[in-house]
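Since every read-out is calculated from the coordinates, none of them should be taken as a lab result. Because the structure is predicted, anything quoted here is derived from the model rather than measured. Don't worry about glycine lacking a Cβ; one is built from the backbone with ideal geometry, like all the others, and counts go over all protein chains shown.
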Amino acid sequence: MRGEFLDVAGSRLYYYAAGSRGAGEPIVLIHGFPTSGHLWSDVVPALPPGHRVVVLDLLGYGRSDPAMQSPVDIGAHAERLVAVLDELRIARACLVGHGAGGGIAQSVAVRFPQRVSRLCLVNSVMFDEWPTWRGRFARALAPIARHLPPLWVCAAVHRMLAPGYVDREKGMRDIDLFLRPFEGLGGREALLSHLVQITSPATKPLSARLRDIKVPTAVVWGANDPYLSVHYGRALSQSIPGSTFDIVPGTRHFLPCEAALGVAAAVQKLIERQDKRSFLGH
């Protein structure tokens with residue numbers, strides 16, 4: 001496993017690669033708000049062998065550069081992800097996205113379909129129902145939060161994320177790590193900017209294009225997700241022709257952290273599915 005930085009449009013994006021460059025298609029893991037590539041730490045070693053695995057810290061998260069004035073909405077992240085694929089010379093990949101990272105994966109699949117071989121959406125946002133009422137409420141409070149001490153803002157986000165874990169102790173450790181780049185005055189501004197842009201309804205028109213996704217797709221959901229209920233997962237699956245829908249009992253939102261083996265098994269099952277178009281010579 002090795003970590004490196006890529007220069008994308010003047011910003012350094014951190015990624016690490018695992019697995020091998022075997023015959024299997026590459027697998028790219030995409031986190032959401034306000035996490036980082038750490039989200040996938042337990043998933044990576046459980047993924048099927050023979051695949052190059054790439055774990056990215058999105059711009060402004062983890063070890064990647066702060067976003068500064070660069071856009072950090074779902075569409076902008078999708079475009080940067082395609083640029084990362086170009087830099088790594090990956091023509092097509094199986095995209096696995098969690099939360100807003102699932103929205104980024106959907107955006108790539110709709111706008112750059114030639115770059116996606118398969119799609120796995122884990123407790124993902126869906127554009128017909130995004131942002132949720134919680135997202136809209138947090139977005140409305142952002143201007144007020146800009147006048148609060150940075151520690152208060154981080155503490156509020158910490159409390160917002162904690163119910164997404166079954167194991168609260170693990171959740172405390174993970175969330176502390178996720179929020180580390182957002183400490184201090186600059187971090188408060190960055191965190192709120194991410195929140196406002198990632199909950200933008202501007203991606204809603206993409207919902208009508210989900211039916212155009214032709215690659216094998218799996219939707220995987222935590223049974224007790226307090227933010228995006230099973231209703232969202234089922235609706236998302238029904239929007240993408242031929243997609244499968246699996247519910248993991250006894251789990252909440254942060255499935256990659258608490259049900260890593262289940263997520264890895266879903267990816268393996270997806271990888272083993274046959275793409276019907278291959279039999280048609282497309």
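For the chain, the dipole from Cβ point charges (+1 on Lys and Arg, -1 on Asp and Glu) about the Cα centre works out to 480 debye, to the nearest 20. Positive end of the dipole of the range 1-139, charges at C-beta (+1 Lys, Arg; -1 Asp, Glu), about the Cα centre: which of Val122, Pro34, Gly62 has its Cα farthest in that direction? In the range 1-139, that residue is Val122.
Once the Cα atoms are used to define both axes, helix 133-145 deviates from the longest principal axis of the chain by about 40 degrees.
Bridgeable aspartates and glutamates around Lys204 (alpha carbons under 13 Å apart, same-chain partners fewer than 8 residues away excluded): Asp73, Asp128, Glu129.
Axis angle, to the nearest 10 degrees, between helix 260-272 and the longest C-alpha principal axis of the chain: 30 degrees. Taking the longest Cα principal axis of the chain as reference, the axis of helix 74-87 is set at about 50 degrees. Think of each Lys and Arg Cβ as +1 and each Asp and Glu Cβ as -1; about the Cα centre, that makes the dipole of the range 165-228 roughly 340 debye. Sorted on the mean count of surrounding Cβ atoms within 10 Å across their residues, most packed first, peptides 213-219, 57-63 read 57-63, 213-219. Here the range 38-162 is assigned +1 on the Cβ of each Lys and Arg and -1 on the Cβ of each Asp and Glu. Its dipole about the Cα centre then comes out at about 80 debye. Computed over the range 145-282, the P(r) tail beyond 28 angstrom holds 35 percent of alpha carbon pairs. Ranked by the mean number of other Cβ atoms within 10 Å per residue, highest first, peptides 250-263, 180-193 order as 250-263, 180-193. DSSP bridge analysis restricted to the chain gives an antiparallel fraction near 35%, rounded to the nearest 5.
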